[in-house]
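Beneath this line is the structure, given in structure tokens, with notes to follow.
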Amino acid sequence: LLPALLSALALAFVLSDRLSAPLGVLVEGTRAVASGDFSQRAAVASSDELGMLTQSFNSMTLQLAEARAAAERHQAELAQAKAYLESILANLSAGVLAFDEALQLRAANRSAGSILGAEFTPLIGSAPQRWPEHAPGLADLARAIAAAFERAGNGEWEQQLERPSRGGTQLLLLRGTRLPHGAEGGCVVVF
């Protein structure tokens with residue numbers, strides 16, 4: 001009876017070890033995926049439910065690795081395109097002001113500051129109605145931009161603006177447009 005009991009115990013240990021080994025591999029693979037390593041693949045040793053689970057796990061990790069690679073590739077392409085556009089914007093001789101959907105200043109190129117004789121960095125994130133608080137010389141420009149976008153709605157607009165300058169009067173031709181919602185939305189003014 002004792003040898004039969006010991007044999008049954010030994011057989012139980014061998015079978016449990018044999019059955020739990022593939023689950024242990026899947027557990028390790030799941031931990032690797034949780035930490036961001038999608039290269040883990042488990043060997044498919046059988047065609048039963050455990051084998052199908054292992055095959056599904058391998059398929060999932062492959063799809064996750066491909067999705068991550070595509071996201072990283074798109075992010076790199078987006079960063080490159082953004083750097084290219086910022087380079088073009090910085091080197092334009094025309095002044096460019098970019099606004100978000102709420103008409104808050106998002107960016108201004110160097111030429112805008114040079115043409116208007118103003119520093120736009122403190123105005124980033126503020127609506128034109130608040131510009132006079134930081135730059136009183138831009139009050140007329142701020143009113144003209146806000147009114148033009150209100151009148152034009154989603155359309156384009158063009159307006160001539162005379163404003164006092166250091167040596168007399170400065171004549172600006174302002175052109176504005178709203179960007180489509182799919183392109184991050186917002187508005188652009190060029191002068």
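The values are calculated or read from the model by the stated rules, or taken from the named source; none is laboratory data. Values in this document were obtained by computation on a predicted structure and should not be read as measured data. We place every Cβ from the backbone using ideal geometry, glycine too, and count neighbours over all the protein chains shown. Heavy atoms of the whole protein, side chains included, go into the accessibility calculation; ligands, DNA and RNA do not. Shrake-Rupley method; radii C 1.70, N 1.55, O 1.52, S 1.80 Å.
Among the residues of the stretch 141-169, the ones that are loosely packed, with under 15 Cβ neighbours inside 10 Å and closer than 17 Å to Val96 by Cα come to 3 in all. Given the structure, is Thr61 in contact with a helix residue (DSSP H, G or I) (Cβ under 9 Å, 6 or more places away or on another chain), at pLDDT 85 or above, surrounded by fewer than 11 Cβ atoms within 10 Å (Cβ to Cβ) and of a type in the set (Val, Ile, Thr)? No.
I'm checking my understanding of the structure. Among residues of the stretch 113-125 that are among the small types (Gly, Ala, Ser) and surrounded by fewer than 17 Cβ atoms within 10 Å (Cβ to Cβ), which one is nearest to Ser165 (Cα to Cα)? It comes out as Gly117. One residue alone among Arg130, Arg110 is closer than 20 Å to Glu86 by Cβ, under 31 Å from the mean Cα position of the chain (by Cα) and open to solvent by 90 Å² or more (accessible area, probe 1.4 Å), and that residue is Arg110.
The set of residues in the stretch 18-58 that are open to solvent by 100 Å² or more (accessible area, probe 1.4 Å) and touching a helix residue (DSSP H, G or I) at 6+ places or on another chain (Cβ under 6 Å) contains only Arg41.
This table checks each residue for (1) touching a residue at least 12 places away in the same chain (Cβ under 8 Å); (2) over 30 Å from Phe191 (Cα atoms).
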position: Arg68; (1), (2): yes, yes
position: Ile88; (1), (2): no, no
position: Leu92; (1), (2): yes, no
position: Phe120; (1), (2): yes, no
position: Gln129; (1), (2): yes, no
position: His134; (1), (2): yes, no
position: Ala139; (1), (2): no, no
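The one condition from (1) modelled with pLDDT under 85; (2) surrounded by 14 or more Cβ atoms within 10 Å (Cβ to Cβ) that Asp100 does not meet is (1).
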